[in-house]
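Where a number appears in this text, it was derived from the coordinates with a stated rule and is not lab data. This structure is a prediction, so every number in the text was calculated from the model and none was measured. Reconstructed Cβ throughout: ideal geometry from the backbone, glycine too, with neighbour counts over all protein chains shown.
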Amino acid sequence: MTEDFDTEDFDVGADWHVAAPYPFLARLRARAPVFRSEHLGAYVLTRHADVRAAYGDPRGLSSRGSLTISRSLTPETRRRLGEHGSFLSSFVANVDPPDHTRLRRSVSKAFTPRAVAAMEQEFRRLNEHLLDRLAPRGWADFVSEIGHEPSVKLTARFIGVPETDEAFVRSHVKDWFQLFLSPQPPQRQLELADSFLTYLDYVDGLVAARAKDPQGDFTSLMTSLIGDELTHREVVELISTILLGGNDTVPNQLGNTVLRLLREGVWPLPPALAANASEECMRIDGASLGSFRYATRDLRLHGVTIPEGDLVLLSTDSAGHDETVFPDPDRFVIDRPNAAEHLVFGYGIHFCVGAALGRLQLRTALDVLGRRLPRLRLAPGQNVAYRSSIVGRGLTSLLVEW
């Protein structure tokens, strides 16, 4: 892109916008902290203080329907999806109180500190087992061969997905992410819609099976709450979206983090700095780029009126690089004292219920990888690229050697 400043350059579908938008975002924060993006059909908030305040204002900026970013779907695709075109309409991050309060209380029963700590040893074992197989080879595609498998398996076991179904779930989760959260041409939309409906049938069947024969897993716990605290649809959407996190968001953050650490020459991480370095990597290379909200009334901010009913993007990506909060924000500072003030996990009532588990997975993977592969390095001559996405940053591949 050029140095000429134009808010119309805010094009989330452009490769540079996912890979390295930060000089552009800095100009936005200084000169247009609130603006309307025609590409998104939404207003955008770019400053840390405004994004944080927006997360804390569910009355003025509603979450209801905010994740159902399906405006790009064609009429034919919408007909194919039927009632499921509004998928995620009852997911915990997509509703306001009092529904949000009820849903979050139910989900939190599975994410107690004790339960999360118990998953650490299982995740460590999964990483060790993977490296037992791969380490002798001396090279790998980090994205497809290292970053995803342990998280996919941990999430599957947490949910109660049989090991024989893990590849099926991963494939279909990828498809539904593309359908709802990444622009697609019309014919591809129909293919993805069919895949998505197949996936929903699978999750629905899993819920039905646990209703008849409960196990010690998340699906069984949530299914036991149907009728008293949750609806059947809410349980299906909870399961589907947690599977997205384990199959997509967490592995993407690990890939972004490893790339950053290798480029910065701080591999392996000193154990004493691992936790803070993880936060700094989430701040500077977050797998989540932001969240959407709907204005419930006319909102006036920095001289701009956001009309009631309009969509608003809370750009956590820009907020994490706000120079008024993070001095020299584009520089990686391994011991940055306030690195954890990033907003990748949201804020307030919508702070991610799985944040503790996500952080644990990131730290555990980095610990095992650093100890087992201390000479890990980027393979020379590769073109590092990110997939196109409205709300996420993830590498398409990352070739590494050791």
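Report the antiparallel proportion of the DSSP beta bridges in the chain as a percent, rounded to a multiple of 5.
Of the beta bridges lying entirely in the chain, close to 85 percent run antiparallel.
Order of C352, C281 from fewest to most other C-beta atoms within 10 Å?
On the way: C352 19, C281 28.
The order, fewest Cβ neighbours first, is C352, C281.
Say we join alpha carbon atoms closer than 10 Å with springs in a Gaussian network model of the chain; which of T164, T249, T46 then has the biggest fluctuation?
Highest fluctuation of the listed residues: T164.
Out of segment 265-342, which trypsin sites (Lys or Arg not before Pro) are coil in DSSP terms and have no more than 13 other C-beta atoms within 10 Å?
Details: sites: R283, R293, R297, R300, R331; in loops: R297, R331.
Of the trypsin sites (Lys or Arg not before Pro), the ones in loops of segment 265-342 whose Cβ has at most 13 other Cβ atoms within 10 Å are R297, R331.
Can you return the lysines within cross-link range of K212? Criterion is Cα-Cα under 26 Å, with same-chain partners fewer than 8 residues away left out.
Answer for K212, where 26 Å is the Cα cut-off: K109, K153, listed by chain and number.
Answer with a single label: of [x] 21.8; [y] 23.0; [z] 22.4, which was calculated as Kirkwood radius over Cα pairs in Å from the structure in view?
It is the one labelled [x].
What is the spin-label model distance, in nm, from T164 to I349 if the labels are put 7 Å beyond Cα along the C-beta direction?
About 4.4 nm, to one decimal.
Along the charge dipole of segment 7-401, which of M282, L262, N338 sits closest to the positive end, that is, farthest toward it, with unit charges on the beta carbon of Lys, Arg, Asp and Glu (+1, +1, -1, -1)?
Among M282, L262, N338, the one farthest towards the positive end of the dipole of segment 7-401 is N338.
Rank these for me by crowding, K109, K153, going from fewest to most other beta carbons within 10 Å.
Least to most surrounded, the residues fall as K109, K153.
GNM on the chain, C-alpha springs below 10 Å: top fluctuator among G246, G216, G290?
Taking springs between Cα atoms under 10 Å, the residue moving most is G216.
So for segment 7-401, averaging the separation of alpha carbon pairs under 8 Å that are six or more residues apart and normalising by length, what relative contact order in percent results?
It rounds to 27 percent for segment 7-401.
Calculated from DSSP H runs of 4 or more alone, at -39500 (n - 2.57) each and per residue, what is the 222 nm mean residue ellipticity of the chain, nearest 500?
-14000 deg cm²/dmol
Say we join alpha carbon atoms closer than 10 Å with springs in a Gaussian network model of the chain; which of V143, V312, V266 then has the biggest fluctuation?
In this elastic network of the chain, the residue with the biggest mean-square fluctuation among V143, V312, V266 is V266.
Can you pull out the chymotrypsin sites (Phe, Trp or Tyr not before Pro) in segment 316-381 whose DSSP state is coil and whose Cβ has at most 15 other Cβ atoms within 10 Å? Write down the numbers at each step before the final one.
On the way: sites: F332, F345, Y347, F351; in loops: F332, F345, Y347, F351.
Passing both the DSSP loop test and the Cβ count: F351.
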